[in-house]
Each structure stands twice: as C-alpha cells, then as structure tokens.
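Down below is the structure, laid out as structure tokens.
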Amino acid sequence: MVAAGWFIFAAMGKKVRVRFAPSPTGGLHLGGVRTVLFNYLFAKKNKGTFIVRIEDTDQRRFVPGAEAYLFDCLRWCGLEPDESVQHGGSFGPYRQSERKTLYRQYADQLIEKGLAYYAFDTPEELEKMRTLLATPSNPSPQYDRQVRMQLRNSLSLSADETDRLLKAGTPYVIRIKMPEQETLGFTDLIRGEVRFDTATLDDKVLLKADGMPTYHLAVVVDDHHMQITHAFRGEEWLPSAPVHILLWQSLFGIENMPRWAHLPLILGPEGKLSKRDGAKYGFPVFAMNWTDPASGETTEGFKEKGFLPEAFLNLLALLGWNDGSEKEIFTLTELIDSFSIERIHSAGAHFDYEKAKWFNHEWIKRSPANRLLPYFQEQFATLSDVGYSEEKLTRIIELVKERCQLLTDLKEQAGFFFVDPLSIDTAAIAAKWSTEKRSFFEGLIAYYQGETPEEAAQQEQAFKEKAAAFQLKPGELLLPLRIMLVGGKFGPGVFDITTVLGPATTARRIAHALTLLP
RNA sequence: GGCCCGUUCGUCUAAGGGCUAGGACACCACCCUUUCACGGUGGUGAUACGGGUUCGAAUCCCGUACGGGCUACCA
C-alpha cells in the first residue's frame, strides 16, 4: 500500500523535490535536524532532490553567521543538500531576501482577486485594538472579519481614501481576507484529514510594511516556484495551513499544492523542547556549539558534547519513527532503505537524554578503531608527544571504547595511557595493605625492570607465580596493581594495560605508588 | 478564551478487532568478571476515563479529562 502510494507519484512523472526552510536566527535545534533528516530520507528514498532554502524575510532577526553555521551543521551530520545557497541549483536564489520582488506581484494579484487588502493600521493602533477588545473570555483578539471594518484598511475605507493614502506613501501591509464561512481541509501525510473553518481564522499579514513577505506568502510562492512536491514541517505550522491552502487555491491551483506532512513536535520536560530545557537539565539541544554574536553566550551542541553524527541521526530518526521491527540501530543507508512517512508517529515525542547516550554508546562500541581515531587524536592532541604509533593508539581504542558513552569520555578512560595518574586512590589499597604485599610489589618492580615478555598472558603467568612465592592470592594483588597503574578502580584488563604502557612506565608507576603507602 | 493536534510501562515505541499487551532506555536483582565496562538471565512497570458498535476491542465511533501547539508586520 505504501509502495503503491509512491508508485503513483512516480507514475505522475513528478520528480520528488523537498525542502528544508530554516530561518537563520541562531542555533540549529534537534527538531530542525530531524526535519532535515526526514526530508533527506524521503528525497533519497525516492531519488528526489533535497533543497535548503533560507527564510530570512525578517530583517530584524538577522543574525550574522547563523546561515554559515547552519550549513556547517548539515555537513557534520552528513546531510548535504542538492540545491541551496551553497550548493547552487537552477531554482534560485535560495535566499528569500533575494527574491523580494517576486512576492510583491503575487500580493498584488491577490488584491486584484479580492483575497487580500491593504491595511494601514500602525503597530500602535493594532496594540490599542487588542488591549481594547481583550476580555477574559477572549484574551487575544484577532484582526478578523469581526473587527476589520472598524480598522483602517481598503475594505473599510472608500476607494478614494485608499488611493490617497497609497499615493501619500502611507505605510501599509497586505492582509489576506479570510472568507466568511468556508471549510478548508487537506490530507496530511501523517495525520490524515484535517479541517478548518475560516470563520474562526484571522486576516494574516502576507506582505509586511517593509515590502518583505511573511512566511505565509513566501512559503507558498517559493514552494510553487521551486516545484516542491512534498513539504515536511513541524506541527506548530498546522494552524496556519488554511492560509496556505487559500493562497494555493487562488494563485497556483490547489491541485499543485505539495503534499504536506506535519511532523510531531519534540518535547522537553515542559512542552516544546527549548534551548532553555537543555541548559536547565544539562543536555545539548543544538547540533553544534552556537555562540550568539550579540551576547557572546555559547550553547553546547551534540557534536562538542561527544556525539558521533551517525548516532545523532540514528537517535533522531527513532524519535517518532520506527520501521515496524525491533531494530533500533540504523546506518544512514539503512534509514533511507526503510524510511516511510506513514510510519511516523503522530504524537509528540519527549526527548530522553539517557536513551540518546545509549545510542551514542552503541555507535561507539560498533565503530572500528579507525573511525574513532580522529576523535581520539583530537582528545589527546596536547599529549601527542608521548609518540604512540597509530597501531598502539588503535589498540588503546579497542581497549576503552566500550567504556565510553560519549567521545569525550575517551579522555578519562584512556588518559592514563598517556600520563601518570594525577591522583591515586591509595585509600582503597591501604585498607588491606601489608608488608608482604609491599615486598611483592618491590619484586614486581624488579620484574618489570628486567627482561619482561611482551605478551599479556606471560606477564600474568609470572605475576601469579610471584604471588604464589609470597603466599599471596593473585586476587588481592590485582586490584592494588590496577590502582597503582591507572589511579582508580576502572579500566581494561591489568595486563592489557601493562603491555601498552611498557615495562619501564609500569615499574615507575608501581614505585611511585609505593612511596605513597606505608 | 478560541482553533488545531494528540493520549499504550517514568521515556521512545510494537500490536492497524481475537494477547500471558511485545521490545528498547532507565531502574532493581542475579550470573560472568578478584576493577570498571561489555555481555547474559530475570524482575518492577502501560492501553487516561465514561459510553457505545461487536460474539470479541489498546485497536472503530461519541463524549469527558489531560497534554501539546497556534492565536505577531517571527518563522
């Protein structure tokens, strides 16, 4: 049935074209990346085109660097657009601010058709109207059919007066004239039939006083011009769908409207997940670190927190979608293979950071050492003078990766391979310390100062024999040795550690620890 | 307030009329391991409520409750 749906689109000969349309005003949110992912998966699955269009029609919200940052995030995720400001394409410009003149003509067309009108009300007048009309039972009055005739617009004013105001250069906006009573509906790819009654809707601004379109006009015009076939957007857009339906009807024909899919929201502990939630509960919300150029404040990203992009995409995909099986770990290719819109859940999903870390942990465990090597070298960049060979680094990675949920855990899990432990948990050793044990370890130092075999198994054998000679159980010596070498109760097998460290370092660390013990 | 969307373990979810309601994260216990982690076994834990429809409802319909979103010359 699913396949049949796609087959119909294919049969229609319409090449799938989808778009991600962010407004470059700051960090790229988790939910934003998921929207990108679903766009991308759908496009790739259908051999379609994935477009990124910059929705920068609000000049007051322009944030320097936000656009470049956005593309950096996509690059890190491995979700490269086919067409965009950075990737080119024949449907540009891909920045709405550069398409300004295009929108104007459609706004004019709408006025001619009677679906829109000029409104001269100043922001102050609107403010006044809202406070004046606000009542407990109607806390947010709308600019709608109820009040539009009492405000200053080309509907309430005479044609002459309107002309006069226009010629005088009076600032104005163009608003949609919401029909009196009409039922508007469409079939959402995720939630099915959705209906609205225009009587309850307001006259949204389509063209702002500065000549820029609002989202409503721009999205319709651009989706048409860029021949978008399927539009994925957050559920928060559902209430404005009727505005867009009206514009499609009037401008380009409802039959040409893209198929819409309103994605469920990603929720934090208190509603729609926000940057604040991240700060409050200690998890990242943005894909990559974002520094607000105005305040200088940096918000941590998943990348810097230590997430593998593969894991990031994987966990995002499984937030509101699954393939129907119990499979949870997916590569991008596998996601493309098994993705389908109808398996997207319609309910909002709470983001669970614990599960997010589990995904990352799984990916780290499954990643071959050479995949992890660059991150490893990054973590230990300042300690590179230790001069380990790549082979040895690979060995270390294999020893510690299952202990790392985040890439940043590498530092504490493997740090002791590079530098002597800063502190040693001598208390844990001292509890069961004895002069016999001291003698044993003195002997062990001598062993490591001599001709030590490189094999872990041989070292362990020697260790046990020596313990027997001292009439000590290997068990009660192993933990102290570990602590002497790494500082605490953690890390890979003891003799895996000694073989990586080498006899000299091993002997030195034991000797140093002995100076701290009675 | 109005409009729209939603509601299965704490969280992500499976089960699209017939079940002991399955899995994963987290949590707990045990095993493995003389560290930590990995791994293994088991456990606690859910169909919001009320009506229908039906031989039979988590599944279909209605209502209620609850949650979320929107209600800007922001997207």
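The values are calculated or read from the model by the stated rules, or taken from the named source; none is laboratory data. Treat the numbers as computed from the prediction; the structure is a model and nothing was measured. A quick note on method: Cβ atoms are made from the backbone with ideal geometry, for glycine too, and the neighbour counts reach across all protein chains shown. In case anyone asks, the SASA skips ligands and DNA or RNA and just uses the protein heavy atoms, side chains included. Shrake-Rupley method; radii C 1.70, N 1.55, O 1.52, S 1.80 Å.
When residues in the stretch A:184-205 are screened for being within 9 Å of RNA strand B (Cβ to nearest atom) and either outside any loop (DSSP other than H, G, I, E, B) or in the same structural domain as residue A:343 (by TED's automatic domain parsing) (or both), 11 of them pass.
Would you confirm whether any residue within the stretch A:307-317 is in a helix (DSSP H, G or I), within 11 Å of RNA strand B (Cβ to nearest atom) and touching a Lys or Arg at 6+ places or on another chain (Cβ under 6 Å)? The answer is yes; a qualifying residue exists. Consider the stretch A:241-271 and keep the residues that are in contact (Cβ under 8 Å) with a residue 40 or more places away in the chain, part of a strand (DSSP E or B) and within 13 Å of RNA strand B (Cβ to nearest atom). The one that is most open to solvent (accessible area, probe 1.4 Å) is A:267.
All conditions but one from (1) near RNA strand B (Cβ under 10 Å from one of its atoms); (2) open to solvent by 40 Å² or more (accessible area, probe 1.4 Å) apply to residue A:141; the one that does not is (2). One residue stands out in the stretch A:403-434 among those that are in contact with a Leu (Cβ under 8 Å, 6 or more places away or on another chain) and among the β-branched types (Val, Ile, Thr): the one that is least open to solvent (accessible area, probe 1.4 Å), namely A:429. If you filter the stretch A:435-461 down to residues that are within 16 Å of RNA strand B (Cβ to nearest atom) and more than 52 Å from the chain's Cα centre (by Cα), you find that the one that is most open to solvent (accessible area, probe 1.4 Å) is A:436.
Assessment of the stretch A:103-114 against the conditions (in contact (Cβ under 8 Å) with a residue 24 or more places away in the chain, of a type in the set (Phe, Trp, Tyr) and in contact with a Lys or Arg (Cβ under 7 Å, 6 or more places away or on another chain)) yields no matching residue. A single entry from A:279, A:199, A:231 fulfils the requirement of being among the hydrophobic types (A, V, I, L, M, F, W, C) and crowded, with 20+ Cβ neighbours inside 10 Å: A:231. Report whether or not residue A:64 is in contact with a strand residue (DSSP E or B) (Cβ under 6 Å, 6 or more places away or on another chain) and in a loop (DSSP other than H, G, I, E, B). Here the answer is no, as residue A:64 does not meet what is asked.
The combined condition, being modelled with pLDDT under 95 and not in a helix (DSSP H, G or I), is fulfilled by residue A:13. Which count do you get for residues in the stretch A:104-124 that are open to solvent by 60 Å² or more (accessible area, probe 1.4 Å) and near RNA strand B (Cβ under 8 Å from one of its atoms)? Qualifying residue count for the region: 1.
Residue A:327 passes every criterion in (1) part of a helix (DSSP H, G or I); (2) at pLDDT 95 or above apart from (1). Would you check if there is a residue in the stretch A:348-368 being more than 30 Å from residue A:266 (Cβ to Cβ) and either modelled with pLDDT of 95 or more or open to solvent by less than 60 Å² (accessible area, probe 1.4 Å) (or both)? Checked the stretch A:348-368: at least one residue is more than 30 Å from residue A:266 (Cβ to Cβ) and either modelled with pLDDT of 95 or more or open to solvent by less than 60 Å² (accessible area, probe 1.4 Å) (or both).
Across the stretch A:164-177, the number of residues qualifying as touching a residue at least 40 places away in the same chain (Cβ under 8 Å) and either surrounded by fewer than 19 Cβ atoms within 10 Å (Cβ to Cβ) or out of contact with any His (no Cβ under 8 Å at 6 or more places or on another chain) (or both) comes to 9. Could you tell me whether the stretch A:312-324 includes any residue that is more than 19 Å from the chain's Cα centre (by Cα) and open to solvent by 20 Å² or more (accessible area, probe 1.4 Å)? Yes, because at least one residue in the stretch A:312-324 is more than 19 Å from the chain's Cα centre (by Cα) and open to solvent by 20 Å² or more (accessible area, probe 1.4 Å).
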